[in-house]
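Have a look at the structure that comes next, please.
The values are calculated or read from the model by the stated rules, or taken from the named source; none is laboratory data. Please read these numbers as outputs of a predicted model, since none were measured by experiment. Here the Cβ is made from the backbone with ideal geometry for all residues, glycine too, and neighbour counts use every protein chain on show.
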Amino acid sequence: GAVVSQHPSWVICKSGTSVKIECRSLDFQATTMFWYRQFPKQSLMLMATSNEGSKATYEQGVEKDKFLINHASLTLSTLTVTSAHPEDSSFYICSALETKGEKLFFGSGTQLSVL
Amino acid sequence: QKEVEQNSGPLSVPEGAIASLNCTYSDRGSQSFFWYRQYSGKSPELIMFIYSNGDKEDGRFTAQLNKASQYVSLLIRDSQPSDSATYLCAVNGGAAGNKLTFGGGTRVLVKP
């Protein structure tokens with residue numbers, strides 16, 4: 001299957017700092033990428049849809065000013081958690097839509113811990 | 001009613017048996033259907049996809065789609081302990097467009 005690279009795999013930061021997570025589609029172009037958050041023993045929660053060259057579309061209840069998404073190229077989307085707080089600690093997962101087959105492939109995830 | 005529903009489990013099956021997972025969806029316009037496997041602490045991994053009514057087999061996995069009844073199922077033959085994971089059903093198309101809608105997942109436990 002297609003490869004989606006997500007970096008970093010885990011990050012520990014102090015409360016109030018910002019954290020940037022990168023998501024790259026390595027062997028296909030992805031005009032659409034998605035960002036999810038997952039708390040322990042819960043299912044994936046879609047945060048936002050990232051479209052190349054345009055503004056991201058956020059799901060209800062997700063603060064766009066707190067979770068900044070940039071999709072500057074067909075292979076890269078970034079999520080920046082601004083002024084992180086302990087309640088933002090979670091597993092963040094990106095995914096990229098392979099347009100040709102309409103299949104969604106996931107990055108390896110980023111475990112964020114905010115102290 | 002949730003858009004995509006799965007029994008949360010755990011579904012406990014003995015090693016070598018068949019694990020049968022079901023998923024129902026509410027949007028009749030849905031067009032693509034996926035099964036993902038997620039190990040604890042890891043991100044989901046695509047294992048099967050199906051677009052047309054009927055069965056699709058890939059190795060030990062068989063996906064079954066019935067659009068009239070709005071359900072999609074996954075069979076795991078010769079279940080192995082390594083199959084123990086949470087299986088997520090996802091649906092694409094319809095009102096949601098290209099945005100996948102996930103079920104809550106079914107936890108499968110294969111006992112040696």
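Restrict the check to region B:46-58 and report whether at least one residue is within 28 Å of A:Q6 (Cα to Cα) and out of contact with any strand residue (DSSP E or B) (no Cβ under 8 Å at 6 or more places or on another chain).
The answer is no, given that none of the residues of region B:46-58 is within 28 Å of A:Q6 (Cα to Cα) and out of contact with any strand residue (DSSP E or B) (no Cβ under 8 Å at 6 or more places or on another chain).
Taking B:R77 as the residue in question, decide whether it is more than 13 Å from every other protein chain (Cβ to nearest Cβ) and of a type in the set (D, E, K, R).
yes
Quick one: which of B:L88, B:L75, B:L109, B:L65 is free of Cβ contacts under 8 Å to residues at least 40 places away in the same chain and either farther than 16 Å from B:T24 by Cα or in a strand (DSSP E or B) (or both)?
Result: B:L65 is the single residue among B:L88, B:L75, B:L109, B:L65 that is free of Cβ contacts under 8 Å to residues at least 40 places away in the same chain and either farther than 16 Å from B:T24 by Cα or in a strand (DSSP E or B) (or both).
Let me ask something else about it. Suppose we keep only residues that are out of contact with any Phe, Trp or Tyr (no Cβ under 7 Å at 6 or more places or on another chain) and hydrophobic (A, V, I, L, M, F, W, C) within region A:13-28. Which one would you say is surrounded by the fewest Cβ atoms within 10 Å (Cβ to Cβ)?
A:L26
I'd like to check something: does region A:72-86 contain any residue that is surrounded by 13 or more Cβ atoms within 10 Å (Cβ to Cβ), more than 9 Å from chain B (Cβ to nearest Cβ) and touching a helix residue (DSSP H, G or I) at 6+ places or on another chain (Cβ under 7 Å)?
Among the residues of region A:72-86, at least one is surrounded by 13 or more Cβ atoms within 10 Å (Cβ to Cβ), more than 9 Å from chain B (Cβ to nearest Cβ) and touching a helix residue (DSSP H, G or I) at 6+ places or on another chain (Cβ under 7 Å), which makes the answer yes.
While we're here: Of everything in region B:23-40, what is closer than 10 Å to B:K67 by Cα, surrounded by 15 or more Cβ atoms within 10 Å (Cβ to Cβ) and among the basic types (K, R)? Give them in sequence order.
Once the filter is applied, which keeps residues that are closer than 10 Å to B:K67 by Cα, surrounded by 15 or more Cβ atoms within 10 Å (Cβ to Cβ) and among the basic types (K, R), region B:23-40 yields nothing.
To continue, here is another question. Restricting region A:1-23 to residues that are touching a His at 6+ places or on another chain (Cβ under 8 Å) and away from every other protein chain (no Cβ under 13 Å), which is nearest to A:S95 (Cα to Cα)?
Of everything passing the filter in region A:1-23, A:E22 is nearest to A:S95 (Cα to Cα).
Return yes when B:A17 is at pLDDT 95 or above, over 11 Å from B:Y87 (Cα atoms), of a type in the set (A, V, I, L, M) and under 12 Å from the mean Cα position of the chain (by Cα) and no when it is not.
no
Checking B:S43 against (1) assigned to a strand (DSSP E or B); (2) surrounded by 16 or more Cβ atoms within 10 Å (Cβ to Cβ), which test does it fail?
Just one mismatch for B:S43, condition (1).
With (1) within 14 Å of another protein chain (Cβ to nearest Cβ); (2) more than 11 Å from the chain's Cα centre (by Cα); (3) farther than 24 Å from B:M48 by Cβ as the list, and A:A48 as the residue in question, which single condition is left unmet?
Unmet for A:A48, out of (1) within 14 Å of another protein chain (Cβ to nearest Cβ); (2) more than 11 Å from the chain's Cα centre (by Cα); (3) farther than 24 Å from B:M48 by Cβ: (2).
One residue is enough: does region B:16-26 have a residue meeting the conditions closer than 19 Å to A:L104 by Cα and within 14 Å of chain A (Cβ to nearest Cβ)?
Within region B:16-26, one or more residues are closer than 19 Å to A:L104 by Cα and within 14 Å of chain A (Cβ to nearest Cβ).
Out of all the residues in region A:89-110, which are at the interface with chain B (Cβ under 8 Å from one of its Cβ atoms), part of a strand (DSSP E or B) and farther than 19 Å from A:Q29 by Cα?
Answer for region A:89-110, where residues must be at the interface with chain B (Cβ under 8 Å from one of its Cβ atoms), part of a strand (DSSP E or B) and farther than 19 Å from A:Q29 by Cα: just A:F91.
Right, another one. Could you count how many residues in region A:1-28 are among the hydroxyl-bearing types (S, T, Y) and not in a loop (DSSP other than H, G, I, E, B)?
Of the residues in that region, 2 qualify.
In region A:29-68, what count of residues is obtained for those that are surrounded by 19 or more Cβ atoms within 10 Å (Cβ to Cβ) and outside any strand (DSSP E or B)?
Here the count works out to 3.
Can you work out which of the residues in region A:87-108 that are of a type in the set (S, T, Y) and over 16 Å from A:M47 (Cα atoms) is surrounded by the most Cβ atoms within 10 Å (Cβ to Cβ)?
A:S108
Only one of these is surrounded by fewer than 19 Cβ atoms within 10 Å (Cβ to Cβ), under 23 Å from A:E98 (Cα atoms), within 13 Å of chain A (Cβ to nearest Cβ) and touching a residue at least 40 places away in the same chain (Cβ under 8 Å): B:G94, B:G103. Name it.
B:G94
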